[in-house]
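Laboratory data are not the source of any read-out in this text; all were calculated from the coordinates shown. Computed from a predicted model, the values in this text were never measured in an experiment. FYI the Cβ positions are ideal-geometry reconstructions off the backbone, even for glycines, and counts take in every protein chain you see.
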C-alpha cells in the first residue's frame, strides 16, 4: 500500500480530530470534521467517490479526514499496526479489501458503511464529538437555509461587484442591491474587521459570514461557528 495513505490512516487515528456534524442528503453522506488547524472541513462519502475540501485532498484526492470517518468514527476498516494489513470487520469475520487501490467500496463494504451510518450514535464517542459544537453547527446550517439558500434568486440586475448577470444572486436585505455569493466572499476577504455590505455598509452580513463559507463549501474556522447565535 502507498506509504502516504498509511501515513494519513495513522494520523487520523492518533491526532485530536473531531466530528462536528453529520447528515445524509441526496444519497450523499456528509461529515464536518474539525482538524488540528482549527478549521472545520467537509467530507462527502459515496459508494464510488470520497471528497474533502481540505488542502491535502486537493493535492492527492485522499486525506486524513476521510480516514477519520472510515477508521475511527464508523470503523468501516480495521488497521493492524504491526502488519499494516487493512480488513473489513463484518459478522465476526475479517474480510480483505481492495478499497485503497481504487477508492471504490465493494458491495459488502458499502453495506457495512450504510448500516453503521444508520446507527451512527452507537459509534460516536465524547472523546471526538461535542454536542455543543454540533448544536452550533446546526445553527449555522439553519441560517444558511433561511438567509442564503432560500434567498438565492435569478438576477434582475447586474451584480454590483462584478457587473455581470451570469449566476444566481442574493440581495442585501437593507439596500436591496444584488450580489453573487462568490463576489461577496471575495469582497469580505479584504475586510479585516466586520463584514459590511459593499454598498450600504450595514453589518447584516457579519453574522452570515460562516453560513456564506458553508454555502461555497469553504473550510470554516471553528471559532466562527462557536460564535453563532440564534
**OP:** May I ask you to derive the FRET efficiency for residue 46 and residue 163 from their Cβ-Cβ distance with R0 = 35 Å, giving the value to the nearest 0.05?
**Re:** 0.40
Original post:
Which of 94, 111, 191 moves the most in a Gaussian network model of the chain with Cα springs under 10 Å?
Top reply: 191
Subject >> Label-point separation in nm, residue 10 to residue 37, each point 7 Å along Cα→Cβ >> reply: 2.2
**OP:** Set the Förster radius R0 to 35 Å, insert the Cβ-Cβ distance between residue 96 and residue 61 as r into 1/(1 + (r/R0)^6), and round the FRET efficiency to 0.05.
**Re:** 0.95
Original post:
Relative to the longest principal axis of the chain, what angle (0 to 90°, nearest 10) does the C-alpha long axis of helix 107-118 take?
Top reply: 60
Original post:
In which sequence would 114, 205 go, from the one with the fewest C-beta neighbours within 10 Å to the one with the most?
Top reply: 114, 205
Original post:
So what's the angle, to the nearest 10 degrees on a 0 to 90 scale, between helix 131-143 and the longest Cα principal axis of the chain?
Top reply: 40
Subject >> Between the range 101-136 and the range 36-63, the alpha-carbon center distance in angstrom >> reply: 15
Subject >> Pairwise label distance in nanometres, residue 132 with residue 149, each label 7 Å out on the Cα-Cβ vector >> reply: 2.7
